[in-house]
Amino acid sequence: MTKQAVDARHVAGDTGFYAGAVGQDDPVAGGVNAGMFHYPDLYAGSVELHGGFQGLLAEGDHPLTGGIDAGIRLQTPSRLAPFVGVGAYVGSAPGEPDEGEESDVLLAGYPEAGVHFWVTPAVRISTTASYFFTTSEENRSYPLVGISLAYLPFDPPSEHVPAAECGDPIGIDPTAPDLDTALDACDPWPSEPWPDPAASSHPAASSHPPGTAADPPVLNTAYESLVLPERN
(Lines give C-alpha, C1' and ligand atoms only; values in the text may rest on other atoms or scores of the structure.)
Protein backbone atom coordinates (compact mmCIF):
# COMPACT_ATOMS: atom_id res chain seq x y z
CA MET A 1 0.00 0.00 0.00
CA THR A 2 2.87 2.38 0.80
CA LYS A 3 4.50 1.64 -2.56
CA GLN A 4 1.24 2.31 -4.42
CA ALA A 5 0.91 5.64 -2.59
CA VAL A 6 4.27 6.97 -3.83
CA ASP A 7 5.12 5.03 -7.01
CA ALA A 8 4.40 6.66 -10.39
CA ARG A 9 6.52 4.53 -12.72
CA HIS A 10 3.32 3.59 -14.58
CA VAL A 11 3.76 6.79 -16.62
CA ALA A 12 6.75 5.34 -18.53
CA GLY A 13 6.06 5.07 -22.25
CA ASP A 14 2.80 7.06 -22.15
CA THR A 15 1.76 10.38 -23.72
CA GLY A 16 -0.67 12.89 -22.25
CA PHE A 17 -2.09 16.40 -22.61
CA TYR A 18 -1.79 19.52 -20.49
CA ALA A 19 -3.26 23.01 -20.21
CA GLY A 20 -2.32 25.78 -17.84
CA ALA A 21 -1.75 29.43 -17.05
CA VAL A 22 1.38 31.53 -16.38
CA GLY A 23 1.98 35.01 -15.07
CA GLN A 24 4.43 37.61 -13.74
CA ASP A 25 4.19 40.89 -11.88
CA ASP A 26 6.95 43.08 -13.37
CA PRO A 27 5.76 43.97 -15.92
CA VAL A 28 2.30 42.65 -15.22
CA ALA A 29 1.56 39.78 -17.62
CA GLY A 30 -0.53 36.67 -17.92
CA GLY A 31 -0.88 33.89 -20.42
CA VAL A 32 -2.11 30.43 -21.23
CA ASN A 33 -0.46 27.32 -22.62
CA ALA A 34 -1.50 23.89 -23.87
CA GLY A 35 0.26 20.93 -25.40
CA MET A 36 1.44 17.36 -25.02
CA PHE A 37 3.97 15.56 -22.84
CA HIS A 38 5.65 12.17 -23.09
CA TYR A 39 7.56 9.91 -20.71
CA PRO A 40 10.12 7.80 -22.66
CA ASP A 41 9.84 4.16 -21.66
CA LEU A 42 13.62 3.83 -21.28
CA TYR A 43 13.79 6.09 -18.20
CA ALA A 44 11.00 4.56 -16.06
CA GLY A 45 9.12 7.83 -15.58
CA SER A 46 12.10 9.99 -14.55
CA VAL A 47 12.36 11.98 -17.82
CA GLU A 48 9.55 14.05 -19.35
CA LEU A 49 9.46 15.71 -22.77
CA HIS A 50 6.86 18.43 -23.37
CA GLY A 51 5.84 20.84 -26.10
CA GLY A 52 2.94 23.06 -27.04
CA PHE A 53 1.67 26.57 -27.66
CA GLN A 54 1.90 29.55 -25.34
CA GLY A 55 0.36 33.00 -25.54
CA LEU A 56 1.23 35.96 -23.29
CA LEU A 57 -0.44 39.33 -22.77
CA ALA A 58 1.76 41.89 -21.04
CA GLU A 59 2.39 45.59 -20.51
CA GLY A 60 4.66 47.34 -23.03
CA ASP A 61 4.88 48.31 -26.67
CA HIS A 62 4.18 44.74 -27.80
CA PRO A 63 1.53 43.48 -25.37
CA LEU A 64 0.66 40.26 -27.22
CA THR A 65 3.07 37.45 -28.00
CA GLY A 66 2.47 33.88 -29.03
CA GLY A 67 4.59 30.93 -30.03
CA ILE A 68 5.81 27.38 -29.49
CA ASP A 69 7.32 26.14 -26.24
CA ALA A 70 9.29 22.89 -25.74
CA GLY A 71 11.49 21.42 -23.03
CA ILE A 72 12.78 18.48 -21.03
CA ARG A 73 12.45 17.74 -17.31
CA LEU A 74 14.16 15.42 -14.84
CA GLN A 75 11.99 14.24 -11.96
CA THR A 76 11.42 11.52 -9.42
CA PRO A 77 9.05 8.72 -10.61
CA SER A 78 6.70 9.31 -7.70
CA ARG A 79 3.21 10.67 -7.13
CA LEU A 80 4.65 13.83 -5.57
CA ALA A 81 7.45 14.53 -8.04
CA PRO A 82 9.80 17.52 -7.80
CA PHE A 83 11.47 18.34 -11.11
CA VAL A 84 14.02 20.57 -12.79
CA GLY A 85 14.27 21.28 -16.49
CA VAL A 86 15.23 23.52 -19.36
CA GLY A 87 13.23 24.75 -22.32
CA ALA A 88 13.07 27.03 -25.34
CA TYR A 89 10.43 29.35 -26.75
CA VAL A 90 10.01 30.65 -30.31
CA GLY A 91 7.30 33.26 -30.83
CA SER A 92 6.38 36.56 -32.36
CA ALA A 93 4.92 39.88 -31.32
CA PRO A 94 2.63 41.50 -33.92
CA GLY A 95 3.70 44.97 -35.05
CA GLU A 96 1.53 48.06 -35.58
CA PRO A 97 0.36 48.09 -39.25
CA ASP A 98 -0.53 51.81 -39.06
CA GLU A 99 3.05 52.64 -38.12
CA GLY A 100 4.59 50.31 -40.66
CA GLU A 101 5.95 47.93 -38.01
CA GLU A 102 6.55 44.28 -38.79
CA SER A 103 6.11 41.41 -36.39
CA ASP A 104 9.08 40.84 -34.10
CA VAL A 105 10.48 37.33 -33.72
CA LEU A 106 11.04 36.47 -30.08
CA LEU A 107 13.50 33.76 -29.02
CA ALA A 108 13.88 32.66 -25.42
CA GLY A 109 15.54 29.99 -23.30
CA TYR A 110 14.74 29.21 -19.69
CA PRO A 111 15.56 27.00 -16.72
CA GLU A 112 12.65 25.86 -14.58
CA ALA A 113 11.77 24.03 -11.39
CA GLY A 114 8.53 22.82 -9.94
CA VAL A 115 6.55 19.91 -8.62
CA HIS A 116 4.01 17.46 -10.05
CA PHE A 117 1.31 15.77 -8.00
CA TRP A 118 -0.64 12.82 -9.41
CA VAL A 119 -4.12 13.17 -7.95
CA THR A 120 -5.02 9.90 -9.66
CA PRO A 121 -2.91 7.67 -11.95
CA ALA A 122 -4.31 9.68 -14.89
CA VAL A 123 -4.67 13.25 -13.53
CA ARG A 124 -1.73 15.50 -12.62
CA ILE A 125 -1.48 19.00 -11.13
CA SER A 126 1.79 20.90 -11.64
CA THR A 127 3.25 24.16 -10.38
CA THR A 128 6.28 25.73 -12.10
CA ALA A 129 8.68 28.62 -11.76
CA SER A 130 10.88 29.58 -14.72
CA TYR A 131 13.19 32.40 -15.73
CA PHE A 132 13.15 33.50 -19.36
CA PHE A 133 16.19 34.94 -21.15
CA THR A 134 14.92 36.57 -24.35
CA THR A 135 16.05 38.50 -27.42
CA SER A 136 13.49 41.22 -26.71
CA GLU A 137 14.88 44.76 -26.52
CA GLU A 138 12.19 45.76 -24.01
CA ASN A 139 12.69 43.04 -21.45
CA ARG A 140 15.61 40.66 -21.91
CA SER A 141 14.80 38.51 -18.86
CA TYR A 142 11.81 37.93 -16.64
CA PRO A 143 10.39 35.27 -14.33
CA LEU A 144 7.17 33.34 -14.91
CA VAL A 145 5.18 31.20 -12.47
CA GLY A 146 2.47 28.84 -13.58
CA ILE A 147 0.02 26.08 -12.79
CA SER A 148 -1.29 23.38 -15.10
CA LEU A 149 -3.59 20.39 -15.22
CA ALA A 150 -2.62 17.28 -17.19
CA TYR A 151 -4.35 14.09 -18.28
CA LEU A 152 -2.47 10.88 -19.05
CA PRO A 153 -4.54 8.10 -20.67
CA PHE A 154 -2.98 4.70 -20.02
CA ASP A 155 -3.92 1.03 -19.97
CA PRO A 156 -4.12 -0.36 -16.42
CA PRO A 157 -2.15 -3.56 -15.82
CA SER A 158 -4.01 -6.77 -16.57
CA GLU A 159 -5.18 -8.93 -13.69
CA HIS A 160 -2.50 -11.35 -12.56
CA VAL A 161 -3.59 -14.98 -12.31
CA PRO A 162 -1.10 -16.98 -10.19
CA ALA A 163 0.13 -20.27 -11.61
CA ALA A 164 -1.13 -23.49 -10.06
CA GLU A 165 1.24 -25.19 -7.63
CA CYS A 166 2.21 -28.75 -8.42
CA GLY A 167 0.70 -29.93 -5.13
CA ASP A 168 -2.69 -28.31 -5.74
CA PRO A 169 -5.66 -30.60 -6.43
CA ILE A 170 -6.38 -30.94 -10.17
CA GLY A 171 -9.88 -31.62 -11.42
CA ILE A 172 -10.41 -33.56 -14.66
CA ASP A 173 -13.60 -34.34 -16.53
CA PRO A 174 -13.48 -38.19 -16.86
CA THR A 175 -15.96 -38.09 -19.74
CA ALA A 176 -13.81 -35.81 -21.92
CA PRO A 177 -12.69 -37.59 -25.12
CA ASP A 178 -9.21 -36.05 -25.20
CA LEU A 179 -6.66 -34.19 -23.07
CA ASP A 180 -7.37 -30.68 -24.38
CA THR A 181 -11.10 -30.96 -23.68
CA ALA A 182 -10.41 -32.38 -20.24
CA LEU A 183 -8.09 -29.55 -19.31
CA ASP A 184 -10.53 -26.90 -20.55
CA ALA A 185 -13.05 -28.16 -18.03
CA CYS A 186 -10.75 -28.07 -14.99
CA ASP A 187 -8.26 -25.92 -13.10
CA PRO A 188 -4.97 -24.84 -14.77
CA TRP A 189 -2.88 -27.91 -15.52
CA PRO A 190 0.84 -27.99 -14.61
CA SER A 191 3.31 -27.17 -17.35
CA GLU A 192 5.00 -30.59 -17.59
CA PRO A 193 3.88 -32.38 -20.79
CA TRP A 194 2.51 -35.89 -20.84
CA PRO A 195 5.33 -38.11 -22.10
CA ASP A 196 5.21 -40.19 -25.23
CA PRO A 197 4.29 -43.77 -24.19
CA ALA A 198 6.77 -45.21 -26.70
CA ALA A 199 9.65 -43.11 -25.31
CA SER A 200 8.83 -43.42 -21.59
CA SER A 201 10.51 -45.95 -19.32
CA HIS A 202 7.65 -45.88 -16.84
CA PRO A 203 5.49 -49.01 -17.26
CA ALA A 204 2.28 -47.10 -16.60
CA ALA A 205 3.10 -44.06 -18.74
CA SER A 206 0.27 -42.82 -20.94
CA SER A 207 -0.39 -40.06 -23.47
CA HIS A 208 -3.77 -39.40 -21.85
CA PRO A 209 -4.53 -37.80 -18.47
CA PRO A 210 -5.39 -40.28 -15.72
CA GLY A 211 -9.03 -41.03 -15.41
CA THR A 212 -10.01 -40.83 -19.11
CA ALA A 213 -11.76 -43.66 -20.88
CA ALA A 214 -8.69 -44.35 -23.06
CA ASP A 215 -6.45 -45.41 -20.16
CA PRO A 216 -6.73 -46.74 -16.62
CA PRO A 217 -6.47 -44.11 -13.84
CA VAL A 218 -2.70 -44.25 -13.32
CA LEU A 219 -0.04 -41.54 -13.00
CA ASN A 220 3.21 -41.13 -14.90
CA THR A 221 6.41 -40.14 -13.09
CA ALA A 222 5.86 -36.39 -13.59
CA TYR A 223 2.46 -36.50 -11.86
CA GLU A 224 2.91 -39.03 -9.05
CA SER A 225 2.95 -36.24 -6.42
CA LEU A 226 -0.28 -34.58 -7.60
CA VAL A 227 -3.44 -34.86 -5.50
CA LEU A 228 -6.40 -35.75 -7.71
CA PRO A 229 -10.02 -35.39 -6.57
CA GLU A 230 -11.99 -38.54 -6.21
CA ARG A 231 -14.38 -39.33 -9.00
CA ASN A 232 -18.03 -40.12 -8.34
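The values are calculated or read from the model by the stated rules, or taken from the named source; none is laboratory data. On a predicted model such as this, the values are computed, not experimentally measured, just so you know. Ligands, DNA and RNA are excluded from the accessible area calculation, which covers all protein heavy atoms including side chains. Shrake-Rupley method; radii C 1.70, N 1.55, O 1.52, S 1.80 Å.
Compute the accessible area per residue over segment 9-151, keeping the other protein chains in place, probe 1.4 Å, unit Å².
Working: 7500 Å² over 143 residues.
For segment 9-151, the per-residue accessible area is 52 Å².
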> Carbon and sulfur: what percent of segment 9-151's accessible surface (1.4 Å probe)?
Replying inline: 66 percent
